[in-house]
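Below is one structure; the comments refer to it alone.
The values are calculated or read from the model by the stated rules, or taken from the named source; none is laboratory data. Treat the numbers as computed from the prediction; the structure is a model and nothing was measured. Reconstructed Cβ throughout: ideal geometry from the backbone, glycine too, with neighbour counts over all protein chains shown. Accessible surface is based on the protein model in full, side chains and every heavy atom, while ligands, DNA and RNA are left aside. Shrake-Rupley method; radii C 1.70, N 1.55, O 1.52, S 1.80 Å.
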Amino acid sequence: MLKALSARSIASRLFLSAAFWSTLILVLAGLGLSALNKRWTEANFDDQLGVYLKALVANVAIPNDEAKAGAQAAIAPQFELAFSGWYWQITRTDVNPPEIRASKSLFATQLPHLTAVGDPGAVLSGYVVGPGGHEVRMIEREIDAGDEGRFLVQVAAPADAIQGQEGSFEWALAATFLTLALALIGSTALAVRFGLRPLRVLQEGVAAIRRGEAERIAGEFPQDVAPLAAEVNQLIDANREIVERARTQVGNLAHALKTPLSVLMNEADAMSPILSEKIREQAEIMRRQVTFYLDRARAAARARTFGLATEVKPVVEGLVRTYEKLHDDRALTFDVELQPNLRFRGEAQDLTDLIGNLLDNAGKWARERVAIRAARAAGGDQDPAPFLVAQIDDDGPGLDKSARAAAVERGKRLDESRPGSGLGLSIVVDLASIYGGSLELDESPLGGLRAILRLPCV
């Protein structure tokens with residue numbers, strides 16, 4: 001049953017669960033009210049019998065034979081009809097055999113005693129089987145009249161009167177709660193239909209995009225659904241960006257392979273004696289180009305993978321150790337300052353490529369010192385997510401403003417990179433943009449170049 005329910009639509013699950021709990025609550029409330037009404041009806045009936053009991057107790061308390069003889073006339077007329085269901089009985093219990101006086105309605109029969117045990121003088125009540133096998137509601141009380149003796153005074157009435165009142169109330173209660181249940185179920189159906197309408201609008205928007213009738217999900221949504229609509233739009237934009245980037249990468253790869261292929265064809269046509277050397281040279285160029293663009297395609301796929309996070313400190317410290325050994329002959333100093341618990345939202349290999357290329361470039365041009373600092377920075381108004389900001393400084397010759405702009409120009413081909421800017425900068429620009437980050441170049445306080453890398457962080 002649970003498996004079948006889980007396969008149903010959200011509307012069906014909400015409706016069925018709301019209908020079930022509403023019905024259960026109404027049933028429990030009905031049972032509770034019925035029990036309370038039963039107790040109230042019995043208490044009210046006992047109060048009515050108590051009036052007759054008090055009259056009989058007052059009659060017993062009068063030490064006058066004439067008053068006792070008139071006790072039958074002091075009770076209501078229904079006690080005069082034989083087997084009417086209304087009975088009273090006074091039993092003197094301190095003599096043997098007990099002396100019994102009773103209403104005419106008992107017609108030579110007797111009332112049983114209640115099995116309940118109470119305090120002397122307390123009024124007891126309960127149901128017993130009376131004359132003719134009919135159930136009656138009875139109250140009784142023990143009276144100590146002193147010298148006059150001890151008496152047990154009992155008054156009974158037909159239980160049908162109580163059951164009739166209870167039945168009428170239960171029928172009225174059932175009709176009321178049934179109407180209320182139908183109203184609640186109807187209102188629940190309307191609420192579910194109205195409440196889930198934004199999801200249907202969202203579904204229609206996605207279907208329109210799939211059919212090519214729209215490019216984005218448009219319209220206003222409630223604050224609970226608006227984030228979902230925004231995420232779907234972002235997913236659509238990301239997919240569109242991936243497709244566009246793939247087209248760009250294919251075009252760049254085709255352009256990069258065009259020149260080596262032309263060289264090979266020319267050498268082959270001229271039957272050059274150095275043809276084999278040219279083949280190896282140009283094949284190596286093509287291999288690097290294919291590897292480069294393939295790595296960028298893989299990085300783009302990894303950047304869209306959720307749940308990835310990389311500790312920055314181990315990656316940076318590992319790279320610094322590598323470059324310290326690489327530049328050991330120059331006695332190059334690397335200063336590292338990292339904020340604790342800094343994590344990059346992406347793969348370790350990509351972070352290694354990003355930081356590694358910048359450190360490699362800084363190490364090549366630095367005279368004595370390279371400094372790397374990384375910390376978390378708050379996002380802006382358009383993107384409130386936090387960013388990792390890494391600064392790599394060197395004390396080398398640096399670049400002028402125009403050269404810095406050309407070095408990080410987006411979409412620049414590797415074979416057009418400015419000499420001295422480092423091929424790694426083009427890789428860093430592309431990889432950072434895949435993650436939604438950026439690379440900026442500026443003057444360093446150390447006198448050389450400062451690379452400012454912004455990446456998403458956790």
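Quick notes
- Summed side-chain charge close to Y87 - residues other than Y87 whose Cβ falls under 13 Å, Lys, Arg +1, Asp, Glu -1: 0
- Note on L338 and E231: with the Förster distance fixed at 25 Å, the Cβ-Cβ geometry gives a FRET efficiency of about 0.20.
- Once the Cβ-Cβ distance of R39 and T109 is raised to the sixth power relative to R0 = 35 Å, the FRET efficiency obtained is 0.75.
- Accessible carbon and sulfur surface of the stretch 308-358 relative to its total accessible area, %, 1.4 Å: 45 percent
- The alpha carbons of the stretch 127-240 stretch over 108, 30, 19 Å along the principal axes, in descending order.
- Rounded accessible area of D328 (nearest 10 Å², 1.4 Å probe): 110 Å²
- Full extension of the segment from R280 to D224, taken as 0.36 nm per residue of separation minus the current Cα-Cα distance, would add 14.1 nm.
- Distant-in-sequence amide H partners of R369 (H built 1.01 Å from N, under 5 Å): T333, D395
- Per-residue HN-Hα couplings for the stretch 108-113 [Karplus 6.51, -1.76, 1.60; θ = phi - 60°; Hz; x = Gly/Pro]: 6, 10, 10, 8, x, 8
- Available extension along the chain between K325 and E204 is 37.6 nm, counting 0.36 nm per residue and deducting the alpha carbon span.
- Annotation: amide H of G126 within the under-5 Å range of M138, sequence separation 5 or more or interchain, hydrogens built in the peptide plane.
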